[in-house]
């Protein structure tokens, strides 16, 4: 029988995509011991490979873009059965979370003048 090394952690995060890494960072900031399980090379798969993007009203391409437009798009896209408080929270918080990801090293496509490139997704104005 093979010998295995064991680890003890307060929190175990399964998955190292954007959400998993964000959860691990937040748990670590709370002062607990965090273990992170990743099925492939960290930084070479998961969210970094996604072609879609992140929905956030940064206003980088269209200065009319704001959290209220994002919120309305989200509600309409969910045929108004969404939990509106969660949709509103997401729309308000998303720009700061994108800037946070960028500060942590996430790489985004850029406009010619250096801002994060944005485009509409399905259901967005």
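Quickly estimate the mean residue ellipticity at 222 nm for the chain, helices only: each DSSP H run with n ≥ 4 gives -39500 (n - 2.57), and the total goes over all residues, rounded to 500.
-11000 deg cm²/dmol
What order do you get for 92, 112, 39, 68 when you list them from fewest to most C-beta neighbours inside 10 Å?
112, 39, 68, 92
Sorted from fewest to most neighbouring beta carbons within 10 Å, what does the list 14, 25, 54 look like? Before the final figure, lay out the partial values.
Numbers: 14 11, 25 15, 54 18.
With the sparsest Cβ surroundings first, the list reads 14, 25, 54.
For q values of 0.13 Å⁻¹, compute log₁₀ I(q)/I(0) with the Debye formula on a Cα-only model of the chain, without solvent.
Values, matching the q order: -0.67.
Based only on other Cβ atoms within 10 Å, what is the fewest-to-most ordering of 80, 4?
4, 80
Expressed as a rounded percentage, what relative contact order does the chain have, with Cα pairs under 8 Å and six or more residues apart?
Result for the chain is 20 percent.
Just to confirm my numbers, what's the Cα centroid distance between the stretch 49-102 and the stretch 14-33 in Å?
Taking the Cα centre of each part, the stretch 49-102 and the stretch 14-33 sit 22 Å apart.
Values in this text are rule-based calculations from the coordinates and carry no lab data. Because the structure is predicted, anything quoted here is derived from the model rather than measured. Quick reminder, even Gly has a Cβ in these numbers, built from the backbone with ideal geometry, and neighbours come from all protein chains shown.
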